[in-house]
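Below is one structure; the comments refer to it alone.
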Amino acid sequence: RRHRDEGLGRRFEGTAHTAAVLMPFDQVDLLLPVPGDSLAADFNAQMDRADAENEVRAEWVKLAEGAGVANILLLDPVRHVVFSLRDALYRGSERISLDEPALQQALLGYSASSKLYKIDGEYLKSAYAPVTRFNGDIAGAVVVEGGSNAFRPLDQITLSFTVAAVLASQFAGIAAFAAFFLFGERLGRLQVVGVATIAIGVAVLAFLRT
């Protein structure tokens, strides 16, 4: 499970970083205004902020579908949800289930992920990435959340390598027998290893394409 945890963590961190990069600096300033900005409450600014949210949301929906994650959220520096793809649950709230060490890393400018945790029988994981302004200041953080569905691609790869190894071990013996039967020659140990290696590659490609 540790390898799956680490692999999913790297994948989610990459997704969170991509979500942050998809926000242009002008949208960052609208959605995460500098504290004390007198124009933040301006009516036109609020309209612009709504437009920015819709544009970012549209990009994040495509990203979430492609990456297989359940939710993407934008947090301000005081841990309030600016908006979320699942607004009904989170908008305007303070997340009490945040992974504090990972969030702190994001607010310091580094991507990080939580450990696997289990809720209602389902394994979950989250990742965090910093959102920066044009001058490099940290404006907030992106949070990516995913559940059991996100494990399927990793499980498929693990299964593919396992089955491929079994097939290759069987195929090597068959190849040695076939060579002796057809050509009256015995395959040397290195030749058998070579055949097995080729078989592994073919089997892995076949399984990954299914």
Query raised in the report: Spin-label point model (7 Å from Cα, Cβ direction): what's the residue 46 to residue 65 distance in nm?
Result: 3.2
**Report entry** Net lengthening on full extension, residue 26/residue 54 (0.36 nm per residue, minus Cα-Cα)
**Finding:** 8.7 nm
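Where a number appears in this text, it was derived from the coordinates with a stated rule and is not lab data. Values in this document were obtained by computation on a predicted structure and should not be read as measured data. Cβ coordinates were reconstructed from backbone atoms using ideal geometry, including for glycine residues, and neighbour counts include every protein chain displayed.
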